[in-house]
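Here is the structure we will look at.
Taken together, the values in this text are just the output of simple stated rules run on the coordinates, not laboratory data. Because the structure is predicted, anything quoted here is derived from the model rather than measured. Here Cβ is always computed from backbone atoms with ideal geometry, including for glycine, and neighbour counts include all displayed protein chains.
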There are 2 protein chains.
Amino acid sequence: MGIVERKEKQKLEIRKLILDASMKLFVEEGFGNVTIRKIADLIEYSPTTVYLYFKDKDEIFFSLHDIGFQKMEEMNKDLVTINNPLLRLHKMGESYLEFGMSNPEYYNLMFIQDEPMNKITELGCEWVKGDTAIGRLKETVTECIEKGYIMKGDPHLVSLSVWGFVHGLVSLAIRGRMEKFVPEMEMILPVMKQSLNWFVNNIEVRPAGS
Amino acid sequence: MGIVERKEKQKLEIRKLILDASMKLFVEEGFGNVTIRKIADLIEYSPTTVYLYFKDKDEIFFSLHDIGFQKMEEMNKDLVTINNPLLRLHKMGESYLEFGMSNPEYYNLMFIQDEPMNKITELGCEWVKGDTAIGRLKETVTECIEKGYIMKGDPHLVSLSVWGFVHGLVSLAIRGRMEKFVPEMEMILPVMKQSLNWFVNNIEVRPAGS
DNA sequence: TTGGTTTATTTACATTGTTAAGTAAATTTG
DNA sequence: CAAATTTACTTAACAATGTAAATAAACCAA
C-alpha cells in the first residue's frame, strides 16, 4: 500500500500548509482577520480547497489550539526534574505566564476563544489536551499539600485557584486590560512574575515565627 | 428651545432602543450573532438607521461595556459600609464573581472582548470605567495592608493579583474551561466562592500560633 | 484505453458591515 | 402662508465573508 501511504502523507502536508498559513495570518493580522480566502491565497490554492482538508473554519482553530498545547507541553518538559514541589509549582506558573505572553495567539485559542470549544462540544468529546495539562498541575499541588509546603486543603480546589490566578493575569494582559497597571509593555511580564511571587509567598506555609 | 430638547430626548430614546435590542441579541444568541440587521429588525428600523445613532458596531459594544460597569457599580454600592477591610475585600471578590456569572455577556464586553478596547485606543482616551473600578479595589487593598490584615507589600501589585485571581476564575468559567473541574453548572459559583475563600485565608496574616 | 476515483477549481449564494444617494416629513425662514 | 432647508429615515448597492454545488482535471486500476 505504498501509494496510499504517500497520498496520506501528502494530505497531511497540505493540512500542515493550511495550519501554518492560518497561524501566520493569526499572528500577523489577529484572530478576526483570518479568512479562508486569505489562507487559500497564502498557500496558493482556491478557497474551497481548504474545505477538502478541514470541515470548517472552527476545525482549523481547533487544530491550532491543539498545536498550542503541544508547544506548551514542550516548554514545560524540564520542570518535572524539580524536586521541591512548591518550587516546581512556582516554575510551572512562571512558565505558564511566559508561554501566554510570548504566544498570545495560541493562548487565546487554548483558553479564551470560544471556537475551539464549540468544536469539542459539537463532537461530544472532552477537552483532552486541557485536562491533561491541568492534571499535571494537580499532581504538583497534591504533592505540595502532602509534604506540608502549602496549607492543607482540597487539591482540586487549590489547583483551580492556582490556575485561575495565572490565567487571570495572562488574559487580562493579552486583552489589554492591564495598561493602567503596567503602562510599559516590556514591564508586563516582570510585574506578572512579581505578582506570582507574592502569590506563592502567601500560600507557602511558613514555619511559626518566621 | 423646547423643541431641540425634545429632539435630543428622542434621540436618546432610540439609542436606548438600539442598545437594549443589541443586549437582547447578545444574551440570547451570543456575541457572534449580534448583527446590525438583526438589531434593526428588532427595533423595526432599517439597518442604516442604526448608523445615525452609532458610528459603527464597535461603538455599540463600547456603550454596552459602559452600561456593564454601571450595573456592576450598582451591585457593589453596599460594600463600602463594611468596616473590616479584609472582609470588605472578600465581599468585593464575591460580588465580582457573582456579577460575572450572572451577567456573562456584560462581563465579556468589560474584561474579555477586544472590541470595546479598540474603540478606546481609537479615541486615544483611557479606560475610565475600568480604571475607577480598579481604583476602588486598590483603596481596600491599601487599607488591608496598612492595618496589617494582609502581608506587607506593594498595594499596586497586590491589587493586580487579587483582580487577576477573580478574573481568572470568572473568565475560565464563562469560556467553558472549567467543565472538568466543576461538571455541574450550578456548582460553578459555589466552587468559585470556596476558591476565593481559600485565597483570602491564605493572604490573611494570622496571629502567630493560630 | 476505459471507467471510476480523487483532487481541485469555478460558480454561486446568502450573510455580513457599511456607504451613497434618494425621499418624505418636519421645521425654519421670508 | 409659501419656499427653503434641515431632519429622519429608507432603498440600493458594494465588497468581504463562509460555504455548497457543479464541474473539470489528474490519476489509477481493469
Average beta-carbon neighbours from other chains, 10 Å sphere, peptide B:86-95:
0
In whole Hz and in residue order, list the ³J(HN,Hα) couplings for the range B:169-183 that follow from phi through the Karplus curve 6.51 cos²θ - 1.76 cosθ + 1.60, θ = phi - 60°; x for Gly and Pro.
4, 4, 6, 4, 5, 6, 9, x, 9, 10, 4, 5, 5, 9, x
So what J values fall out for the range A:59-67 if you push phi through Karplus, 6.51 cos²θ - 1.76 cosθ + 1.60 with θ = phi - 60°, rounded to Hz, Gly and Pro as x?
5, 5, 4, 4, 5, 5, 4, 5, 4
Shielding of A:170-176 by partner chains, average beta-carbon count, 10 Å
5
Connecting every pair of Cα atoms under 10 Å apart in chain B and solving the GNM, the largest mean-square fluctuation among B:SER171, B:SER46, B:SER95 falls on B:SER46
Helix-only [θ]222 nm of the protein assembly as shown, DSSP H runs n ≥ 4, -39500 (n - 2.57) each, per residue, nearest 500
-23000 deg cm²/dmol
Can you pull the three principal axis extents for the Cα set of the range A:38-114, in Å, largest first?
54, 20, 19
What net charge do the residues around A:ARG15 carry, taking every other residue with its C-beta under 11 Å from that of A:ARG15, with Lys and Arg at +1 and Asp and Glu at -1?
-1
Given the peptides A:139-150, A:8-19, arrange them by the average over their residues of other C-beta atoms within 10 Å, most packed first.
A:139-150, A:8-19
Karplus-derived HN-Hα couplings along the range B:184-193 (A = 6.51, B = -1.76, C = 1.60, θ = phi - 60°), whole Hz, x at Gly and Pro
8, 2, 6, 8, 4, 4, x, 5, 4, 5
Binning at 5 Å from 0, report for the range A:60-162 what percent of all alpha-carbon pair distances ends up in each bin.
2, 12, 21, 21, 17, 14, 8, 3, 0
Just to confirm my numbers, what's the Cα centroid distance between the range A:171-210 and the range B:62-86 in Å?
24
Amide H neighbours of A:ASP114 under 5 Å, at least 5 residues apart or on other chains, H built in the peptide plane: list them.
none
Can you tell which of B:ASP131, B:ASP114, B:ASP66 shows the greatest fluctuation in a Gaussian network model of chain B with Cα springs below 10 Å?
B:ASP131
Quick one: if the Förster radius is 51 Å, what FRET efficiency do A:MET151 and A:LYS38 give, using the C-beta to C-beta distance and rounding to 0.05?
0.50
Looking at the range B:172-208, which GluC sites (Glu not before Pro) are in a loop (DSSP not H, G, I, E or B) and have at most 10 other Cβ atoms within 10 Å?
B:GLU184
Take every residue in peptide A:120-127, count the Cβ atoms of other chains within 10 Å of its Cβ, and give the average of those counts.
1
Rg to Rh ratio, the range B:104-210, alpha-carbon atoms and Kirkwood radius?
1.04
With viscosity set to 0.692 mPa s at 37 °C, what whole-number translational diffusion coefficient in µm²/s follows for the range A:1-137 from Stokes-Einstein and a Kirkwood radius over Cα pairs?
198
Provide, as a two-decimal number, the C-alpha radius of gyration of the protein assembly as shown over 2.2 N^0.38 Å, N being how many residues it has.
1.08
Grab the residue from chain B whose Cβ hugs the B-to-A rotation axis most tightly, plus its distance in whole angstrom.
B:GLY168, 1
Tell me which of A:ILE39, A:THR81, A:TYR51 sits at the most positive position along the dipole axis of the range A:1-90, charges placed on C-beta atoms (Lys, Arg +1; Asp, Glu -1).
A:TYR51
